[in-house]
1. Would you check the accessible area of Ile407, probe 1.4 Å, heavy atoms only, in square angstrom rounded to 10?
2. For the pair Trp192/Glu425, report the inter-label distance in nm, with labels modelled 7 Å from Cα in the Cβ direction.
3. Accessible area of Arg251, 1.4 Å probe, to the nearest 10 Å²?
4. Quick check: with the 1.4 Å probe, what order do Arg233, Arg118, Arg325, Arg151 take by accessible area, largest first?
Amino acid sequence: MKQTPKTKLGLGWLIPSVIMLFNPVVAFYDILPDSIGYLLLCVALFRLADLNSSIADSIKRFRTLIWIHLGGLLMQYYIYNVLAKEPKLNPQEIPTMVLLCAFVIAVPQIYFALPAWRDLFKGFWELAERHNGEAVFNYGKRNSNLCERMRRSSGVFVVLFALLSVLPELSVLTTFEYETEKLPFDWYQFVWLFRVSAIMIFTVLFLVWVIRFIRFVLLFTRDREMMESIRERYERDILPQNDMLSMRRLRFGIVFLIIGAALTLNICIEQQILVPNLLCAVFTCIGVVIFGEDLTKTKRFYVAAGALGVLSIGELWLNNYYTSRYSYELSGWDPDAYNLFFGLRALQAIGAFLAAGVFWILLDILSDFIKNRIFESYEGPNTEEISARATERLHKSFGRRILVCKILFFVSATSLALEAIFQLEYPWIWWIAVPMVIASTVAFASLLYALLDRLEWQSNTRVTHKSE
């Protein structure tokens, strides 16, 4: 007789996540992106979050940190791939930007990470307390509470990590004082000595903390009686709630679809494409994949998204080729530069309409989804006709929303195409394109969340976290 496979809680991702998180940040250059570390941390904890409200609260803050550090990656790209290539660059401009960005990231890092780690270990404490986890309560000769010790050490480490990423960059301030003869010495010439010293201190602190964290995870996961009790509770209380798990999956997919809609805005800074349509295609495809079998006839969508990705790659290559040889200003009088720039503008215009086409196809797929999954039902005798009419009205209501979204996506694509074609002659068109993309994204998000609310109402479930 086959045994039913045990549910995996996913705690094995905890150790890789903290290794991705806590790595040296040198001159605001993050070697291993922290956003990936926080994403792995959320993946490791999302099942336990159903069983404990403190862990659920920590995941919310970790998700916020994902977006903060994604913004940090954009800043990093701008500093080292755009600003650093400026021919008439002030020598102090990059160090000043590094200091500014390091400080801007460090402040929310402390603000969100401190309560996140506090709630995380509080949640582990509550789970261990409820499920008789003696290993993390009576650790060592003093029988100390390892959860409480990890809460304190994690808070200290987060603060020191943020400070060590900012302190070496403060030396650039002495350069301005030295140039105005207010200070006799410029400490910024020793900035790499300060950075290396900060890395050495950080490495020691990291090794101490990560050894403690690994020890905690091993003690927690190797307490077989406690883990079996947690697993049984999850299988008993959470897994039977298919509607709740389905709503969570759809909600997660909706986030990627909305991000994809927002990324239809092709952002360029100093002739460099910061947000290509390739990201729009990738995020939208991830959202559709998360929806899974709930969406049918998706083949044409993947073909269109793949075409958008290939076109975006070609646009990136042509833009890099163009900017390495010419500038936008040369396009007005150099024939070769103009011909190449015309091809680049044509690709950008085609990309804008192709991105709109991807979302038109997606909206058609969602229309079929609505017809199959959304309905109105009344209880009682002879209510079939009433329910059918109510369902038809409901479908028409969603149909109007879909039509509005299609119109807005088309108008935003038109404005983006016009901006691409006439960006030299009429640069103000960009200020029309941006509100139109925002309007289409907001309308699309409103449609998706209205659809989700309706599905949750039909299933009579709300995605809530159980409190201890």
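The values are calculated or read from the model by the stated rules, or taken from the named source; none is laboratory data. All of these numbers come straight from a predicted model, not from anything done at the bench. All Cβ positions, even for glycine, are placed from backbone atoms using ideal geometry, and neighbour counts span all protein chains on display. Keep in mind that these areas ignore ligands, DNA and RNA; they rest on the heavy atoms of the full protein, side chains included. Shrake-Rupley method; radii C 1.70, N 1.55, O 1.52, S 1.80 Å.
1. 90 Å²
2. Modelled inter-label distance: 5.1 nm.
3. Accessible surface of Arg251 is approximately 90 Å².
4. Accessible-area ranking of Arg233, Arg118, Arg325, Arg151, largest first: Arg325, Arg118, Arg151, Arg233.
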